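Where a number appears in this text, it was derived from the coordinates with a stated rule and is not lab data. All figures in this text were calculated on a predicted structure; none of them were measured in a lab. Don't worry about glycine lacking a Cβ; one is built from the backbone with ideal geometry, like all the others, and counts go over all protein chains shown.
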Amino acid sequence: MPDANLFTALRAAFPRDLDATAVETADGPGAPAFFTWRDLDRASARIANLLASLDLPAASRIAVQTDKSVEALLLYLAVLRSGHVYLPLNSAYQAAEIEYFVGNAEPAVFVCAPKNFAWISKIAFRAGTKNVFTLGDDRSGTLLERAAVQPDEHTVAPREPGDLASIIYTSGTTGRSKGAMLTHGNLLSNARTLKDYWDWRAGDVLLHALPIFHVHGLFVAIHGALLNGSKMLWFNRFDAKAAIARLPDVTVFMGVPTLYTRMLAEPALDAAACARMRLFISGSAPLLKETFDAWTQRTGHTILERYGMSETVMLTSNPCRPQDGARVGGTVGYALPGVGVRVHGDQGQPLATGEIGGIEVRGPNVFAGYWRMPEKTKEEFTADGWFRTGDVGRMDADGRLTIVGRSKDLIITGGYNVYPAEIEGLINELPGVAESAVVGVPHPDFGEGVVAVVVRQGGAALDGAAIAATLKGRIAAFKVPKQVFVVDELPRNAMGKVQKNLLREQHRELFAR
Ligand code: AMP
């Protein structure tokens, strides 16, 4: 059987000219810095040799919580080629969270930012992790110091498709975060599918401005560029002005919706700035129809929205090539080739076209289960082997999927189902509204009461009671928010997802008797 290590496939896609630039830094210390394809190979080989020198058990977890840098990318590649398991952690996590992840994953190695060494090493050593290295975003730290004396040639550890490549802890907005186990086969099959579906081609250059502790920036973006032998223009931090200024140097951009709204707020964003662009991709959170439309109007480009999650990598996508169809705002497109997507009811029954239900998936992209949670894993799969995404949506007659919300965000009030996305969509269309979030909070009579939190646009004067009154004539009374709060912004996590759990928490006493 040929080696199925993802790194082997990525390296095979490096261009023939290994001295060409693979990554150019756009910000951070020493920018612009240039890394050739040969650099990616040799520098990741050095780190892989360092890992080999530690005599780790096979498939050790390598936990990484650092600031974004090209060296952190090299570390990821090193872990892949060494056959160990990459465990990236959100750089915002603090002691209680790190303690949980280290206890749960038992990593053999922890790589942290130099500034965090004191407290992280304490937690890690206490939990039995023997090796803690540091890596700064300015090439400082013990990881690179120790790797520098290692040989720059390394034989890739052969892997089978079912071998673990990475564990991604879910954002855990409810309950304990779970480690989604992704295999070399999961990641490679999805990367190959996307390379084809998104029509990656010679000359493409990716602007990389997403964090690399999450599927979007780590897998979708990096694998996309590497598997196409495409250069990346690398931002350690997203800055709307700086990103727009560099659009003429790239052809592909991937962002969460927040990045698009921030760029739209810049007058410099126009058609001329985007003249060389081939593709704008959005995902990780719902892209407002308004943002989708505003982007087309301003730049002449139609954003391609796709849908995926840690457990499955990418699932559906709006088309890229015109012959595959149009990109429709508010929908997440079709199931990717080779991926099965269906919508089923509460009792597991198939639903008719257009009916709202749970989104279920299967395919070579679907993860191997939750780390050390066999029971939880079993619960999330149907008897016939489909993974329950926890997202709620509906499928059009032509197979386009629209996401209506997370099943846990579904509101049940007086026995009626309310889908927050429906109400949010209506509120967002009202004048003076930038966006909104609708949640359910405990209600003594109805079980849950509908509450809306609305963000005003610019300095618009908004009145919550007036918004509720406007909705009253348009939708069933049980769907109308019993209370509408007007705020300046919604709480969001690093991937731009609205943290509805925080809103529910904030308003949980609202209807208490
Ligand atoms: P994560 O595992 O952190 O990537 O979160 C995955 C979740 O993000 C999915 O289950 C969806 O709820 C949400 N999500 C991802 N992409 C989209 C999208 N294009 N539209 C709406 N929700 C999305």
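When each of the peptides 448-455, 98-105 is scored by the mean number of other C-beta atoms lying within 10 Å of its residues, the order from highest to lowest reads 448-455, 98-105.
Taking 0.36 nm per residue of sequence separation and removing the Cα-Cα distance, the PHE478/ARG298 pair yields an extension gain of 61.0 nm.
Considering the stretch 331-406, its Cα convex hull presents a mean projected area of 5.2 nm².
Remark: SER230, SER140 ranked as SER140, SER230, counting other beta-carbon atoms within 10 Å and listing the fewest first.
If r is the Cβ-Cβ distance from ARG276 to ASP196 and R0 is 35 Å, what FRET efficiency results, to the nearest 0.05?
Values: r = 23 Å, r/R0 = 0.64.
It comes to 0.95.
Its DSSP H runs of at least 4 residues, each contributing -39,500 (n - 2.57), put the calculated 222 nm mean residue ellipticity of the chain at -8000 deg cm²/dmol, to the nearest 500. Spatially, the stretch 386-445 and the stretch 243-316 are offset by 23 Å when compared through their Cα centroids. Close amide-amide hydrogen proximity is noted between THR183 and ALA165, ALA368, each under 5 Å apart and 5 or more residues distant or on a separate chain (H modeled in the peptide plane; Pro and chain starts excluded).
If R0 equals 56 Å, the separation of the Cβ atoms of ARG16 and ASP346 corresponds to a calculated FRET efficiency of about 0.55. Take the Cα of ARG492, go 7 Å toward its beta carbon, and the backbone nitrogen atoms of the stretch 186-223 under 14 Å from that spot belong to 210-211. Normalised by 2.2 N^0.38 Å, where N counts its residues, the alpha-carbon radius of gyration of the stretch 411-506 equals 1.03. Model label points for ALA242 and ALA466, set 7 angstrom from Cα along the Cα-to-Cβ axis, are 4.1 nm apart. Each of ALA96 and GLU422 was given a label point 7 Å from its Cα along the Cα-to-Cβ line. The distance between the two points is 3.6 nm.
Checked against a 21 Å cut-off, the cross-linked pairs LYS408/LYS479; LYS115/LYS497; LYS178/LYS497; LYS115/LYS500 give Cα-Cα distances beyond that limit for LYS115/LYS497; LYS115/LYS500. Using only the Cα atoms of the chain, each taken as one equal point scatterer with no solvent, compute I(q) by the Debye sum, divide by I(0), and report log10 of the ratio at q = 0.06 Å⁻¹. One equal scatterer on each Cα of the chain leads to -0.28.
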